[in-house]
Amino acid sequence: MLGNFFKKPADDMGGRVPPGQSLTSRFPVLTYGPAPRYPLEEVTVKISGLAEAHTFSWLDLRAMPQTTLTYDIHCVTHWSKFDTTWTGIRVTDLMPHITLKPGATHVMIHSVGGYTTNLSLGDFVRPENLLAYRFDDKPLETEHGGPMRLVVPHLYFWKSAKWVSELEFIAADAPGFWERNGYHMRGDPFKEERYSDD
Ligand SMILES: Nc1nc2c(c(=O)[nH]1)N[C@H]1C(S)=C(S)[C@@H](COP(=O)(O)O)O[C@H]1N2
Ligand SMILES: [Mo]
């Protein structure tokens, strides 16, 4: 019994490190194009497509429950980071304020600057997903998507759109920016869904 106790932990840290990933304590920045800079007070989230058109202001979002969560994140470029702490609005607290129209099955997330990424509603509407504006109890840095980004920890980090500006509800899956450029439509790190021909 004591033998087990002293055993070196498995390389996947008991299942927390997905296949093909390495742990980092740094926080690499991965952005295609320049990072836009604007204050939190100017954040708006537009609702479009198969939902009643609406635009949430920062004050609208601030009036919703604010949640702090800690979880691991995984980037398709092979780094994973344990225990990242984010504060924001849960997608499950936002959704009751959105009226979907019949037929909506997916959402295209749009960012300031034109980045997009697609999610099924099942992957989007999860209690751990946040519209996050704080990281490690500090305002989210511009480079990491501040003033506000989406965080979807169960999928590769390219699904976590920085500088989120619009949620476009759609009737079928469609590729976003990286998905059009060869990345997987879903991107589950534990299934190593990196590229579309995987
Ligand atoms: N708007 C926008 N969001 C984005 C990206 C981007 O280029 N633009 N890059 C994605 C990718 S590929 C990754 S891995 C993560 C990186 O987030 P980080 O720079 O905070 O590590 O953001 C994702 N969200
Ligand atoms: Mo990435």
Inset, instruction - Can you find, among G114, H74, T44, the residue farthest towards the positive end of the dipole of the chain? Put +1 on the C-beta of Lys and Arg, -1 on that of Asp and Glu. - result: H74
Legend entry - Label point distance in nm, D136-D60, each placed 7 Å from Cα along Cα→Cβ: 3.3 nm
Inset, instruction - When you have a sec, figure out the Kirkwood radius of segment 83-194 from all distinct Cα pair distances and drop it here in Å to one decimal? - result: 14.2 Å
Inset, instruction - Provide the packing ranking of 28-40, 148-160, i.e. peptides ordered by the mean count of other C-beta atoms within 10 Å per residue, highest first. - result: 148-160, 28-40
Inset, instruction - Kindly give the semi-axes, whole Å and largest first, of the ellipsoid equivalent to the chain, taking each as the square root of 5 times a Cα gyration tensor eigenvalue. - result: 29, 20, 16
Legend entry - For segment 52-123, the fraction of alpha-carbon pairs in successive 5 Å shells from zero, as %: 3, 11, 15, 22, 26, 14, 7, 2
Inset, instruction - Hey, could you get me the Stokes-Einstein D for segment 150-198, Kirkwood radius over alpha-carbon pairs, 37 °C and 0.692 mPa s, rounded to whole µm² s⁻¹? - result: 284 µm²/s
Inset, instruction - Using a 1.4 Å probe over the heavy atoms of the protein chains, calculate the carbon and sulfur portion of the accessible area of the chain as a whole percent. - result: 56 percent
Inset, instruction - Could you calculate the FRET efficiency of R37 with T105 from 1/(1 + (r/R0)^6), where r is the beta carbon distance between them and R0 is 41 Å, rounded to 0.05? - result: 0.75
Legend entry - Set of aspartates and glutamates near K159 by C-alpha distance (under 17 Å), chain-local residues within fewer than 8 positions excluded: D72, D123, E128, E143, E168, D173, E179, D188, E192, E193
Inset, instruction - Provide, in order from the shortest bin, the percent of all Cα-Cα pairs of segment 26-75 in each 10 Å bin, continuing until the bin that contains the maximum pair distance. - result: 16, 30, 45, 9, 0
Inset, instruction - Might you tell me the accessible area per residue for the chain, computed with a 1.4 Å probe and given in Å²? - result: 50 Å²
Legend entry - Extended-chain gain in nm, criterion 0.36 nm per residue less alpha-carbon gap, V29 and M185: 54.0 nm
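The values are calculated or read from the model by the stated rules, or taken from the named source; none is laboratory data. Because the structure is a prediction, the values reported are computed rather than measured. Cβ atoms come from the backbone with ideal geometry, glycine included; neighbour counts cover every protein chain shown. To get the accessible areas, we keep the full protein, side chains included, count just its heavy atoms, and leave off ligands, DNA and RNA. Shrake-Rupley method; radii C 1.70, N 1.55, O 1.52, S 1.80 Å.
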